[in-house]
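Contents: one structure, followed by commentary.
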Amino acid sequence: MGDELLVTTDGPVRIVTINRPDSLNIIDAALHRRLLDVWHELDRDPEARCVVLTGAGRAFSGGGDFAFLKAQHKSLDLRYAVSHEAGAILSAMMNFRLPVVAAVNGPAVGLGASLVLSCDLVLMAERSYLCDPHVSIGLAAGDGGALLWPHMISLIRAKEYIYTGERIPAAKAVELGLANRMTSAEALMDEALALAGKLARQPARALQSTKRAFSKHIAQTAVAIIDYGLAAETVELGAEEHIAKIREFLGADEYDAIIVDSADE
């Protein structure tokens, strides 16, 4: 899968690691594509029984790469392609046959938070948090926020956190129902692997069929929500208000200095 996304093996458990630690595991074009491909690859692994998804270093994922974002500001065709791919990532995770345990080792922001909430079970290190800042930077929360959060917590609480972009620390995430439990940073992977091993020892067909039944709850809602949410986000990615928010956040000089890779345009 390349260096940006590592897949390692622990018996019947596959560990998928987002591996851009020097940039807080932010998601560029190549990693975005790999976050789709990996679920299809693992689905074809006959020995796999469970997956742990985590990040390298001190973050789970800081969200989208700014160069990748700027490339979308410049290209409507790219925005359409990325929107289609984002929907496919959510669909691939919803329809993935194996249980997935998120080991949230640090901040999970934007798409990072959506990846966490697309998993079956969530363990969070004490220092970690969830955050979806889409609205705060002038975007519709189309790639998971509006779809996933109301399934985990009440609609009115989901609105508060999505509308404001407020961070949710690990302990609060457990209290709200966005995570199963909190661990120390040192114990996180041991506990995640122990839980994944327990799931891997369950009768495989019964567990996978039950996961599919659970997934239908979100899949039915996705039919009504995901196309609209991603279309709205695609529109806003080219809007002056959103671009102004990013320029304000980065500083105009830094934004203007970002060089967009021709492969991203």
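The values are calculated or read from the model by the stated rules, or taken from the named source; none is laboratory data. This structure is a prediction, so every number in the text was calculated from the model and none was measured. We place every Cβ from the backbone using ideal geometry, glycine too, and count neighbours over all the protein chains shown. The area values use the complete protein model at the heavy-atom level, side chains included, leaving out ligands, DNA and RNA. Shrake-Rupley method; radii C 1.70, N 1.55, O 1.52, S 1.80 Å.
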Practice item. Can you tell me which of 214-227, 107-120, 178-191 comes out highest on packing, and rank the rest after it, using the mean Cβ neighbours within 10 Å? Key: 107-120, 178-191, 214-227
Review point. Fully extended, how many nm does the chain gain between Asp77 and Thr164 (0.36 nm per residue separation, minus their Cα-Cα distance)?
Key: 28.4 nm
Revision key, fill the gap. Across the chain, qualifying lysine pairs (alpha carbons under 26 Å, at least 8 places apart or different chains) come out at 9
Review point. Taking Cα atoms, how many degrees apart are the long axis of helix 204-236 and the longest axis of the chain, rounded to 10 and kept between 0 and 90?
Key: 0 degrees
Check your understanding: So which chymotrypsin sites (Phe, Trp or Tyr not before Pro) in the range 34-78 are both in a DSSP loop and have at most 10 other Cβ atoms within 10 Å of their Cβ?
Key -> none
Review point. How much area per residue is accessible in the range 1-150 when the probe is 1.4 Å and only protein heavy atoms are counted (Å²)?
Key: 34 Å²
Review point. Against the longest alpha carbon principal axis of the chain, how many degrees, from 0 to 90 and to the nearest 10, is the axis of helix 240-250 turned?
Key: 70 degrees
Exercise for review: Would you mind calculating the relative contact order of the range 1-103 from Cα pairs under 8 angstrom and at least 6 residues apart, reporting the percent as a whole number?
Suggested key: 33 percent
Review point. So, in nm, how far is label Arg201 from label Ile258 when the simple model puts each one 7 Å beyond its Cα toward the Cβ?
Key: 4.7 nm
Review point. What is the spread of the Cα atoms of the range 30-131 along each of their three principal axes, largest first, in whole Å?
Key: 41, 34, 18
Exercise for review: With a cut-off of at most 13 other beta carbons within 10 Å, and DSSP calling the residue loop, which trypsin sites (Lys or Arg not before Pro) in the range 24-61 qualify? Please list them.
Suggested key: Arg44
Exercise for review: Run the numbers on the chain and let me know its relative contact order in percent, using alpha-carbon pairs under 8 Å that are six or more apart.
Suggested key: 21 percent
Practice item. Determine the percent antiparallel among the DSSP beta bridges restricted to the chain, to the nearest 5. Key: 30 percent
Study note, to complete from the structure: Rounded to the nearest 0.05, FRET efficiency between Arg212 and Arg247 (Cβ-Cβ, R0 51 Å) equals 0.70
**Study point:** Accessible-area composition of the chain, carbon plus sulfur, in percent [1.4 Å probe]
**Key:** 54 percent
Practice item. Quick one: angle between helix 76-95 and the longest Cα principal axis of the chain, in degrees between 0 and 90, rounded to 10, please. Key: 10 degrees
